[in-house]
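Just below is one structure, and these are the notes that go with it.
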There are 2 protein chains.
Amino acid sequence: MTDFNRRSLIASAAAMAAMPALAASPKAPAADAQKKIRAAIDKQLPENIARIQDWIKHPGIAAENWRMDEACAYTMGLLTDAGFQTVKKMPTKGQPGIFATLDAGAKRTVGIYFMYDVKQVNPAEWSSPPFDARITNKPGWGQVIVGRGAINQKGPEAAFLAALHAFREAGQKLPVNLVLVAEGEEEIASPNFHQIVQAPEVMAALKKCDGIVIPTAWQSPNGSVAINLGSKGPLEFQLIASGERWGKGPKGDIHSSQHAHVDSPVWHLVQALNTLVKDDGFTPAIDGWFDNVRPLTAREKELIAKTAASQSEAQAKAAMGVKMWINNEPWQQSLERLASQPTVNIQGLVAGYGGPGGKTVLPGRAEAKLECRLVPNQTFREAETKLKAHLAKRGFGDIEVVVSGGYDPTETAEDARVVRAQQAVYARFGAPATLYPRNAGSWPGSVFTQPPVSLPAGQFGLGHGSGAHAPDEYFLIESINPAVQGLAGCTAGFVDFLYEMAVAR
Amino acid sequence: MTDFNRRSLIASAAAMAAMPALAASPKAPAADAQKKIRAAIDKQLPENIARIQDWIKHPGIAAENWRMDEACAYTMGLLTDAGFQTVKKMPTKGQPGIFATLDAGAKRTVGIYFMYDVKQVNPAEWSSPPFDARITNKPGWGQVIVGRGAINQKGPEAAFLAALHAFREAGQKLPVNLVLVAEGEEEIASPNFHQIVQAPEVMAALKKCDGIVIPTAWQSPNGSVAINLGSKGPLEFQLIASGERWGKGPKGDIHSSQHAHVDSPVWHLVQALNTLVKDDGFTPAIDGWFDNVRPLTAREKELIAKTAASQSEAQAKAAMGVKMWINNEPWQQSLERLASQPTVNIQGLVAGYGGPGGKTVLPGRAEAKLECRLVPNQTFREAETKLKAHLAKRGFGDIEVVVSGGYDPTETAEDARVVRAQQAVYARFGAPATLYPRNAGSWPGSVFTQPPVSLPAGQFGLGHGSGAHAPDEYFLIESINPAVQGLAGCTAGFVDFLYEMAVAR
């Protein structure tokens, strides 16, 4: 047994001692059952680690339509192994989803959201092959698995499955029933996820749920974790200017000297892009973009102030390699901006020659990859319509707008049971939890929170990982930081969360 | 002997019959010597073809610093084989040049300019490997060699060398002495060529020359060829925006949701670019850019009108895949624009994610590759200074301006001997030649035409090829079009040109 595991057990013991006071519920799980489950978690640790590694070794990348069927089948196998009684592949217009149920004969039912696709990789940027899932030591954190999908989202999802394995190993019944929906297109902004969720049998199952969560592992170095009450919604799209479509400029690349009398699709795209943000370089300038943007409420500002006080600005800057926030604003104001402002971001530019130095061509085509992040009460459809109208009005109607994905922003009330259960478990584990009004990133929670499903939805998880969408993505296995849980603690957190969901008022 | 060669001989015979009337010179070459040389050209045709193929198989790409020493040494060997008595490697701060002389004991000396580097390639875009130099049939033209450098500039240059081989094979002395300067950085806009030309021994040799030409092969389908009295000068540069240098935005790529409170180097670059041209998408908007731009003279407009009348607008559009010229201007006006207007062209954009679909990153770096084409009396130094001042004045002083090459525009007087010799030879070959005030492309002629060298400079060549800087670049070997010369005619043209330079007034 490692130091980590001892710490994990000590933390669990402390948590159990504290439980009655915190959970304040007559139905709190018996210390005896908890003990057996924790022992099972420790016993199963090697196989739980191997499960994450093996999952990373079975990738599927929706953006490249690469190994998706295999990835879906593999994930379905994991769910069956973990005890789900029905596991069904759900075809969509794009990649298939999964619908799974586990009936424990319990009173309450909890929804779980999984994604099984991962972000693209550039192996040249990685210090070990992204699908090798190697275990290495990460200074300041401990032993980690390095691999694409490690934190986003296979590590936390596998820890959730490890919790189910631990219940079975310990001979304990789950305190809640489970309804799980998974998609394989999260990384391309979930263009077909509503098809899965709104299938009649899935809708019927979700209607029984008290809320739905996606497993996460986002503890900061001081152990703190944010409880997000919502997320922005993305509108992901590519703008493509071409001589062919424009009717001006060349069809393909021609010698650049011809630009003296031939129009340039690249300048056309640059000029179109330039209309999308104001001179400050960040405020969206698309016609009517702010019509439905709701300013932060007093309560939301209060929550952000608490977050600003509890989180290290210096650490955040260092982690991102950023010297100053927009307008050199102070931390709290910057976090208000982060939560409240819609964005228009350029993810990439592709045109003409891309090698070393220059090459004298006038390109026939230019592409910009962008995404807008939407805040309440903007909607995905509204944004798409306004973007296209804005471009057309300014003489850029020929520029192709390829919407590759997106959905509405999502919000869940502070007093929802999934939120209160999270708070209770984090407190029990000594993880300072701050309510945060809105994650600047996106997840398709609106598919659950909006009609017709209308279910509270959020993230939950102890533990740590980082590098989502970046090279050397990792998930923490054995923590050397007493404030942060490793895999066993992350697994134990899910056990407690299910117990808490069973009893929370 | 092929059909082509027969046609070549018939053309030569006709040319010789017409010569006295056209050249009108008592020193016109003896028909006997000419006959022997034409016979030698036909005899040596297979080895002349093989020489072009082998040269293409020995590429050097300065932009990628790829195989340049090998390419230089190979070219030096070709010059020695062709009879140059001194062939010297000329080191520069970049790639080496070559200085070669051939003293024929003649009264006059002619300067020859060679380039031995070639443009970059993307083999995926080619129908045969770009350095395989395969011979194929090109519908409408005849047998061609396909390969990088075939027309730009190895085919025509090798034809010039073939002319020297023919003189030797025929036992004829050259009618002029030769001074040859070559560079290996033409395709990166000749950043160090002045170092070669202005070396004291090269300067001394060039001072003896009556003018200097680069071998070309630019006959149109109707056999016509333009005699360029000048070329625009390029300023080739890359603009690089980075969070590191800016002090705003991220150092590397980060999750795109952070753009809500982190500046974007990509937007910064897009906004900087947008200031460089007017709303029309093509007129340069750099402060003071037109201060020294000299409008077309009445004579220049007259020459362009003749070109417009002699060249097919439809063919030009079809060759480039263009449906309309800028502002939908008519042909003649469009050619005036082509000759007279300076340009700011975007060759390429490189930022963030470039794969299929999107990827939610906020990139830490964005690069645009551009080139300006300068017209008289703009200068390279003036343009560089004004560009940097323009950007700095508008808050883009942090954007790195990497100037990768360039030089001034070049002009040669209509009555220069190299121009009159060209006209005489084209006429003798029945190739309609139009004087054209300014090629919209660029070659480093200003290194010769400006002080301290101050030599008339131009292009000369019969024959045909196309696809410079593009896939499937080719050079015509055996022409099926009676109006256009193949390799043998191209070679014979150089023979006549040297004779003409010896006698022209």
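The values are calculated or read from the model by the stated rules, or taken from the named source; none is laboratory data. Everything numeric here is computed off the predicted structure, so don't read it as measured data. Glycine gets a Cβ as well: all are built from the backbone with ideal geometry, and neighbour counts include every protein chain shown.
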request  = Considering (1) touching a residue at least 12 places away in the same chain (Cβ under 8 Å); (2) closer than 24 Å to B:ILE480 by Cβ; (3) not small (Gly, Ala, Ser), say which one B:LEU174 fails and leave the rest.
outcome  = (2)
ask   = For B:VAL293, all conditions in the list (1) more than 7 Å from chain A (Cβ to nearest Cβ); (2) under 28 Å from A:ARG365 (Cβ atoms); (3) in contact (Cβ under 8 Å) with a residue 60 or more places away in the chain hold save one; what is the number of the exception?
value = (2)
query = If you take the residues of region A:339-382 that are in a helix (DSSP H, G or I) and farther than 24 Å from A:GLN120 by Cβ, which of them is nearest to the chain's Cα centre (by Cα)?
reply = A:ALA339
ask   = Counting just the residues of region A:370-419 that are among the small types (Gly, Ala, Ser) and in contact with a Pro (Cβ under 6 Å, 6 or more places away or on another chain), which one comes out modelled with the lowest pLDDT?
value = A:GLY405
note = Taking region A:212-248 and keeping residues at the interface with chain B (Cβ under 9 Å from one of its Cβ atoms), in a loop (DSSP other than H, G, I, E, B) and under 19 Å from the mean Cα position of the chain (by Cα) leaves A:LYS232
ask   = Would you call A:ASN122 without any contact (Cβ under 8 Å) to a residue 12 or more places away in the chain and of a type outside the set (A, V, I, L, M, F, W, C)?
value = no
note = Wholly inside region B:89-181, strands (runs of 3 or more DSSP E) that include 2 or more residues that are within 20 Å of the chain's Cα centre (by Cα) are B:97-102, B:109-115, B:142-146
query = Under the condition of being of a type in the set (A, V, I, L, M) and at the interface with another protein chain (Cβ under 7 Å from one of its Cβ atoms), which residue from region B:249-277 is surrounded by the fewest Cβ atoms within 10 Å (Cβ to Cβ)?
reply = B:VAL277
task = With a cut-off of at least 2 residues that are touching a strand residue (DSSP E or B) at 6+ places or on another chain (Cβ under 9 Å) and surrounded by 22 or more Cβ atoms within 10 Å (Cβ to Cβ), name the strands (runs of 3 or more DSSP E) lying wholly within region A:384-477.
result = A:400-406, A:457-460
key: Options A:SER224, A:SER231, A:SER242; residue that is of a type in the set (Gly, Ala, Ser) and farther than 26 Å from B:GLY357 by Cα   = A:SER224
ask   = Only one of these conditions is not met by B:ALA199: (1) within 14 Å of chain A (Cβ to nearest Cβ); (2) more than 18 Å from the chain's Cα centre (by Cα); (3) small (Gly, Ala, Ser). Which number is it?
value = (1)
query = Restricting attention to region B:354-393, which residues are of a type in the set (A, V, I, L, M, F, W, C) and within 7 Å of chain A (Cβ to nearest Cβ)?
reply = B:VAL361, B:LEU362, B:ALA366
inquiry  = For region A:306-326, give me each residue that is touching a residue at least 40 places away in the same chain (Cβ under 8 Å), more than 9 Å from every other protein chain (Cβ to nearest Cβ) and not small (Gly, Ala, Ser).
reply    = A:LYS306, A:THR307, A:GLN311, A:GLN315
inquiry  = Residue under question is A:ALA424, and the condition is that it be modelled with pLDDT of 95 or more and either in contact with a helix residue (DSSP H, G or I) (Cβ under 6 Å, 6 or more places away or on another chain) or β-branched (Val, Ile, Thr) (or both); does it hold?
reply    = yes
remark   = Scanning region A:183-196 for residues that are of a type in the set (Ser, Thr, Tyr) and away from chain B (no Cβ under 14 Å) gives none
inquiry  = With the requirement that a residue be more than 8 Å from chain A (Cβ to nearest Cβ) and either more than 20 Å from B:LEU303 (Cβ to Cβ) or under 23 Å from the mean Cα position of the chain (by Cα) (or both), what does region B:327-338 give you?
reply    = B:ASN327, B:ASN328, B:GLU336
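For region A:56-77, which positions are touching a Gly at 6+ places or on another chain (Cβ under 7 Å), in contact (Cβ under 8 Å) with a residue 12 or more places away in the chain and not charged (D, E, K, R)?
If the condition is that a residue be touching a Gly at 6+ places or on another chain (Cβ under 7 Å), in contact (Cβ under 8 Å) with a residue 12 or more places away in the chain and not charged (D, E, K, R), then A:ILE56, A:PRO59, A:GLY60, A:ALA62, A:ALA63, A:MET68, A:ALA71, A:CYS72 are the ones that fit.
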inquiry  = Given the criteria touching a Leu at 6+ places or on another chain (Cβ under 8 Å), more than 14 Å from chain B (Cβ to nearest Cβ) and either of a type in the set (A, V, I, L, M) or under 30 Å from A:THR449 (Cα atoms) (or both), does A:LEU180 qualify?
reply    = yes
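Conditions (1) among the polar types (S, T, N, Q); (2) assigned by TED's automatic domain parsing to the domain that holds B:ALA457; (3) buried (at least 24 other Cβ atoms within 10 Å of the Cβ); (4) touching a helix residue (DSSP H, G or I) at 6+ places or on another chain (Cβ under 9 Å), marked per residue:
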| residue | (1), (2), (3), (4) |
| --- | --- |
| B:VAL202 | no, yes, no, yes |
| B:VAL213 | no, yes, yes, yes |
| B:ASN222 | yes, yes, no, yes |
| B:GLY243 | no, no, yes, yes |
| B:TRP246 | no, no, no, yes |
query = Quick check: is even one residue across region B:318-325 among the aromatic types (Phe, Trp, Tyr) and either part of a helix (DSSP H, G or I) or in contact with a strand residue (DSSP E or B) (Cβ under 9 Å, 6 or more places away or on another chain) (or both)?
reply = no
